[in-house]
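Nothing in this text is a laboratory measurement; each read-out follows from the coordinates by a stated rule. Computed from a predicted structure; not experimentally measured. Cβ coordinates were reconstructed from backbone atoms using ideal geometry, including for glycine residues, and neighbour counts include every protein chain displayed.
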Amino acid sequence: MKYLALNNLKLSSSDPKICVPVMGKDKKEVLEQVKIVKRKNPDLIEFRADFLKWDKDLKKNLKNIKDILEAINKECDIPLIFTIRTAKEGGELDIEFAQYALVNIEVAKISDEYNVALIDVEGIKHKCNTKLLIEKIHEAGGNVIVSNHNFHKTLAYEFLIRRIQMLSLLDADVVKIAMMPRNKRDVDNLMMAVRYADKRIGQPIVAMSMGEMGSVTRAATKKMGTVFSFASGVDESAPGQPRVEVLRYLLKDYKLNKNIALIGFMGTGKTTISYALHNITGFDEIDSDAYIVEKAKKSISDIFKDDGEAKFRELETLSLKEIGDNFRGIISCGGGAVLKQENVDILKKSGVIIQLYADAETIFERVRYSKTRPILNEDMSVEHISRLMSARDEAYTKAADIRTSVADNNRLEACYRILTQLEKLGVISEIDK
Ligand code: S3P
């Protein structure tokens, strides 16, 4: 377990912190944002200086930055990260390296006075110069978070590890990596690579997969071993940032007292939500359809085709029984599972049932190209989905202990709604750190 004390700020993966960015274009706007953000009690505020209006005269910029730092300090005593995110890494400012270096070194000189816990230095763009810059910032009394962002793609697993190791060699105090995923595998790879690299480098890591698809990583700090995560205070500064209150809740440690069964129509995102909950809480997950496939040694479509739906339903009940008897965690159920009361009783015996729901149009958009759902395959249309949904609605609603809409396409918000309800029902309880 890594632990880093930066003045009053203690960074450790066992107690991950929350950082909220402010992105005003001038002192007035920055302060307005700080006033809003401080009420949410973040552990860190990131002052994104690249959003400021920059003058041609460097001295004026330095004076402006110093004024703003002073004003933020008067407003609150939350430690700061000072960041100039350049346009090349998804930020707002095109700036020459010499100027970039100079501003950061000047800020380092006043970092103690103005509670600047970390100065962000982009690690990859300027390579050899960067190591020297980090050294200079250290000499000037600042601490460095060395960062690397890719808003277009995620590096492959081995390259991610190498990238993190390379950043680590620049001798900053914290290493940060943020990548945009193109698919679920990218998200998984990032989490695994960070976990692997974290054990092999000296510095604590901050890491995230961006966008809605990667948003789970923002709350999966325990899985990756990361020490803080970004939440949005006023606006998002990068895609996928959760609200502070949501992130705070999701970062707590919970123990599971009963099973959690996810039900709902095809395409409501049972698998997605199960995966998110698993990565956030560490609870085990199992997919009843995958269990059936394993047991039958053939795909769901083939079971329907060769043996008929009745046989599939038989296998489904048998599987749910076995899962209920032997498994503790999140059960992601097939869309038709709770149409049979016997299955509802099985699921209720070991836990609670959560229904995910969305409107027929949303479902259609999500499943329209799916070839693996025999129930929809003969008639892939909003009307058919709508008819089936109406026919099933009562069974879903009757079976569910908790219902939540997933039409907003926001998995962290959905996990938040689910976990807060589960806590009220005593299904999960917070573990004191
Ligand atoms: C079914 C839903 C599918 C799968 C099978 C039957 C249904 O699961 O169990 O094709 O009757 O709704 P998903 O909801 O995970 O697609």
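Tabulated results
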quantity: Where GluC sites (Glu not before Pro) fall in DSSP loop in region 56-131, at most 12 other Cβ within 10 Å; calculated: GLU96, GLU113
quantity: Distant alpha-carbon pairs in region 15-145 (separation over 27 angstrom), percent; calculated: 12
quantity: The chain: calculated mean residue ellipticity at 222 nm from DSSP helix runs of at least 4, using -39500 (n - 2.57); calculated: -14000 deg cm²/dmol
quantity: Length added when fully stretched, LYS298-LYS28, from 0.36 nm per residue minus Cα-Cα; calculated: 90.9 nm
quantity: GNM top mover of ILE119, ILE273, ILE363 - the chain, alpha-carbon springs below 10 Å; calculated: ILE363
quantity: Flagged links, alpha-carbon separation over 32 Å, of LYS153/LYS340; LYS270/LYS311; LYS2/LYS25; LYS74/LYS153; LYS371/LYS424; LYS153/LYS297; calculated: LYS153/LYS340; LYS2/LYS25; LYS74/LYS153; LYS371/LYS424; LYS153/LYS297
quantity: Of LYS88, LYS60, LYS199, the one that fluctuates the most in a GNM where the chain has Cα springs shorter than 10 Å; calculated: LYS60
quantity: Within a Gaussian network of the chain (alpha carbon springs, distance under 10 Å), most fluctuating of GLN341, GLN421, GLN355; calculated: GLN341
quantity: Anisotropy class of region 127-258 from Cα gyration tensor, a/c 1.5 cut; calculated: prolate
quantity: Residue order, fewest to most surrounding Cβ atoms within 10 angstrom, among SER350, SER215; calculated: SER350, SER215
quantity: Dipole moment magnitude, nearest 20 debye, region 303-384 about Cα centre, only Lys, Arg, Asp, Glu C-beta charged; calculated: 320
quantity: Calculated FRET value between MET192 and LYS53, using beta carbons and R₀ = 30 Å, to 0.05; calculated: 0.15
quantity: Gap separating the Cα centres of region 153-168 and region 1-31, nearest whole Å; calculated: 24
quantity: DSSP-assigned coil residues among GluC sites (Glu not before Pro) in region 364-433, each with at most 10 further Cβ atoms within 10 Å; calculated: GLU378
quantity: Cβ charges +1 (Lys, Arg) and -1 (Asp, Glu), total dipole of region 355-406, debye; calculated: 200
quantity: Which of SER274, SER232, SER386 has the fewest Cβ neighbours within 10 Å, and the rest in rising order; calculated: SER386, SER232, SER274
quantity: Dipole magnitude of the chain about its Cα centre (Cβ charges: Lys, Arg +1; Asp, Glu -1), debye to nearest 20; calculated: 520
quantity: Percentage relative contact order, the chain, counting C-alpha pairs under 8 Å, at least six apart; calculated: 13
quantity: Radius of gyration and maximum dimension Dmax of the chain, Cα, Å; calculated: 24.5, 78
quantity: Length-normalised contact order of region 1-102 in % [C-alpha pairs under 8 Å, at least 6 apart]; calculated: 25
quantity: Stretch gain in nm, segment GLU135-LYS340, where the contour uses 0.36 nm per residue and the Cα spacing is subtracted; calculated: 67.2 nm
quantity: Cα-based radius of gyration of region 70-206 once divided by 2.2 N^0.38 Å, which approximates compact folds; calculated: 1.08
quantity: Förster-model FRET efficiency, 60 Å R0, ASP235 and LEU318, C-beta, rounded to 0.05; calculated: 0.75
quantity: Order of SER229, SER370 under a 10 Å beta carbon neighbour criterion, fewest first; calculated: SER370, SER229
